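Asker: If you scroll down you'll find the structure; I have some questions about it.
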Amino acid sequence: MVADGTFGRDNLTANEKLIRKVAAEQERIRDRLKKLGGPLKPQRNGATKSLIFEQLSRLGTPVELKVAPTTHADWAARGVARALESCGFKTKTYKDTDSSWEGIHVESRSDEAAAALVIQGAFRLAGLGAGLTIHDRAAANRVVVHVGPQGLS
């Protein structure tokens, strides 16, 4: 015969012990979150940007991609545009029928020289030879990246 009533606290099953342990841990974490300032927020996907790219993205230096009218140049320009946009630069792409540059060339005025140097340095770090020209005849308030007919080669 089975007696009516509930079991005492000292006679808990393994599942009940685990449930109480998890509940205690959740309560401890909630208390810690209250002290830190609220619930955790989900983080955005993707890697964090370096400090250089964050500072430049706040400045908002636009980048113009002038692309030669070939399929190699178009393919390269799409990749360059995605890479620059992921670093915080605003990009616009234009066709350049009079492209006289071979490969990649970065051009800017002295006001945007820091951004141009960062972009050219990124190409160099990636193992791509990229020229750099800084002069006062360049387009104002932007950095121009020329993509030659052979693309990145």
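The values are calculated or read from the model by the stated rules, or taken from the named source; none is laboratory data. For clarity, every value in this text was computed on a predicted model and none was experimentally measured. Don't worry about glycine lacking a Cβ; one is built from the backbone with ideal geometry, like all the others, and counts go over all protein chains shown. Quick note on the areas: whole protein, heavy atoms, side chains included, nothing else; ligands and nucleic acids left out. Shrake-Rupley method; radii C 1.70, N 1.55, O 1.52, S 1.80 Å.
Asker: Looking at the range 46-58, which of the residues that are surrounded by fewer than 11 Cβ atoms within 10 Å (Cβ to Cβ) and part of a helix (DSSP H, G or I) is modelled with the highest pLDDT?
Answerer: Here the answer is 51.
Asker: Given (1) surrounded by 12 or more Cβ atoms within 10 Å (Cβ to Cβ); (2) of a type in the set (Val, Ile, Thr); (3) at pLDDT 85 or above, identify the lone condition not met by residue 61.
Answerer: (3)
Asker: Among the candidates 113, 140, 130, single out the residue that is in contact with a strand residue (DSSP E or B) (Cβ under 8 Å, 6 or more places away or on another chain), of a type in the set (A, V, I, L, M, F, W, C) and more than 18 Å from residue 81 (Cα to Cα).
Answerer: 113
Asker: So which residues in the range 68-115 are open to solvent by less than 30 Å² (accessible area, probe 1.4 Å), in a helix (DSSP H, G or I) and over 22 Å from residue 127 (Cβ atoms)?
Answerer: Once the filter is applied, which keeps residues that are open to solvent by less than 30 Å² (accessible area, probe 1.4 Å), in a helix (DSSP H, G or I) and over 22 Å from residue 127 (Cβ atoms), the range 68-115 yields 112, 113.
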